[in-house]
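Notes for the one structure printed next.
The values are calculated or read from the model by the stated rules, or taken from the named source; none is laboratory data. None of the values given here were measured: they were computed from a predicted structure. Using ideal geometry, Cβ is built from the backbone for each residue, glycine included, and neighbour counts are taken over all protein chains shown.
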Amino acid sequence: MRRGPGDDHIPAMDLDFTEDELRRYSRHILLAEVGATGQARLRQARVLVVGAGGLGSPLALYLGAAGIGTLGLVDHDVLELSNLQRQVAHDTSRLGRNKAESVAQTLAALNPEVRLEVHPRRMDAEAARELIPRYDVVCDGTDNFATRFLLGDACHLLGRPLVSAAVLRFEGQLSVFRGHEGPPHPCHRCLHPEPPPEGLVPTCSEAGVLGAVVGVMGTLQATEVLKLLLGIGEGLSGRLLLWDALDARFRTVKLKRDPACPLCGEHATIRDLSAHEHAAPAACAV
């Protein structure tokens with residue numbers, strides 16, 4: 001089994017499962033690629049989910065069901081009726097509640113074995129510096145370029161892999177960024193060196209999105225997180241997965257590390273998060 005991203009600070013595997021844990025995770029343990037050792041690795045992992053909305057809902061649900069030991073949930077926003085078309089970890093009775101707290105309530109009922117760390121706050125530069133080092137993997141389920149670029153820069157500078165998905169209308173994309181590990185892994189800015197001009201790319205609240213498309217992409221995110229933690233399969237670092245739901249077609253394009261990248265290139269100019277210090281507040285989740 002290949003080493004996962006948290007191996008350097010995870011202690012020896014504790015394979016002492018309770019009877020309930022053995023029953024709960026039996027279908028994982030039956031998999032030769034997972035087994036008891038892999039399930040123990042998941043139990044010791046710490047994953048941060050930024051955005052408790054459309055992507056964060058299936059992402060957090062499947063990570064919690066899989067037995068991730070600690071899940072951090074970040075979202076400052078409150079639940080609105082228009083969210084429920086796709087943000088399936090919530091329900092109508094929780095309208096007006098903080099989304100991170102709402103998802104935590106659902107997860108606690110789904111799997112009480114998971115430790116939940118709820119952060120009902122904006123993901124700004126201060127939060128990034130404070131929270132990201134506490135976790136092994138960071139997941140981007142946000143809906144704006146300001147937060148996406150903050151997470152891309154912060155994860156690279158703080159040495160954490162970023163699993164990032166995006167959706168709009170009937171399309172989705174997904175990749176894993178591990179540029180902090182060095183070549184050949186690209187970083188987020190190798191794909192997008194700079195944010196697009198304001199207003200050029202609409203948000204889901206402006207252009208719409210098919211709810212089930214968000215569910216598929218969030219579930220694919222969860223799959224990439226599990227593969228990364230278990231050290232199995234071929235991850236998406238260096239590749240961008242694109243899905244067109246109307247054409248029922250997936251395709252993958254290669255991403256190369258850019259020698260001129262301002263974040264991970266030979267003459268990188270981005271060395272801290274100072275450019276994000278005074279960014280305008282933005283909505284968090286899809």
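So which pairs qualify, if the first residue must be in region 84-99 and under 18 Å from residue 116 (Cα atoms), the second must be buried (at least 18 other Cβ atoms within 10 Å of the Cβ) and at pLDDT below 95, the Cβ gap must be under 9 Å, and the two must be at least 6 apart or on different chains?
Every condition considered, the pairs that remain are 99/284; 99/285.
Does residue 133 count as at pLDDT 95 or above and under 25 Å from residue 277 (Cβ atoms)? Quick ask: steps written out before the conclusion?
Numbers: at pLDDT 95 or above: yes; under 25 Å from residue 277 (Cβ atoms): yes.
Taking the combined requirement at face value, the residue satisfies it.
Failed condition for residue 68, given (1) of a type in the set (Val, Ile, Thr); (2) assigned to a loop (DSSP other than H, G, I, E, B); (3) under 25 Å from residue 209 (Cα atoms); (4) in contact with a strand residue (DSSP E or B) (Cβ under 6 Å, 6 or more places away or on another chain), with all others met?
Checking residue 68 against (1) of a type in the set (Val, Ile, Thr); (2) assigned to a loop (DSSP other than H, G, I, E, B); (3) under 25 Å from residue 209 (Cα atoms); (4) in contact with a strand residue (DSSP E or B) (Cβ under 6 Å, 6 or more places away or on another chain), the one that fails is (3).
Let's see how each residue does on (1) more than 28 Å from residue 44 (Cα to Cα); (2) free of Cβ contacts under 8 Å to residues at least 60 places away in the same chain:
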{"residue": "207", "(1), (2)": "yes, yes"}
{"residue": "211", "(1), (2)": "yes, no"}
{"residue": "217", "(1), (2)": "no, no"}
{"residue": "220", "(1), (2)": "no, yes"}
{"residue": "227", "(1), (2)": "no, yes"}
{"residue": "236", "(1), (2)": "no, no"}
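Kindly provide the set of residues from region 171-184 that are in a loop (DSSP other than H, G, I, E, B), within 16 Å of residue 253 (Cα to Cα) and touching a Pro at 6+ places or on another chain (Cβ under 9 Å), ordered by number.
Correct list: empty.
If we keep just the residues of region 162-192 that are modelled with pLDDT of 95 or more, farther than 14 Å from residue 237 by Cβ and not hydrophobic (A, V, I, L, M, F, W, C), which is surrounded by the most Cβ atoms within 10 Å (Cβ to Cβ)?
Filtering first and then ranking leaves 172.
Testing residue 221 on (1) polar (S, T, N, Q); (2) surrounded by 18 or more Cβ atoms within 10 Å (Cβ to Cβ); (3) assigned to a strand (DSSP E or B), one condition comes back false. Which one is that?
Unmet condition: (3).
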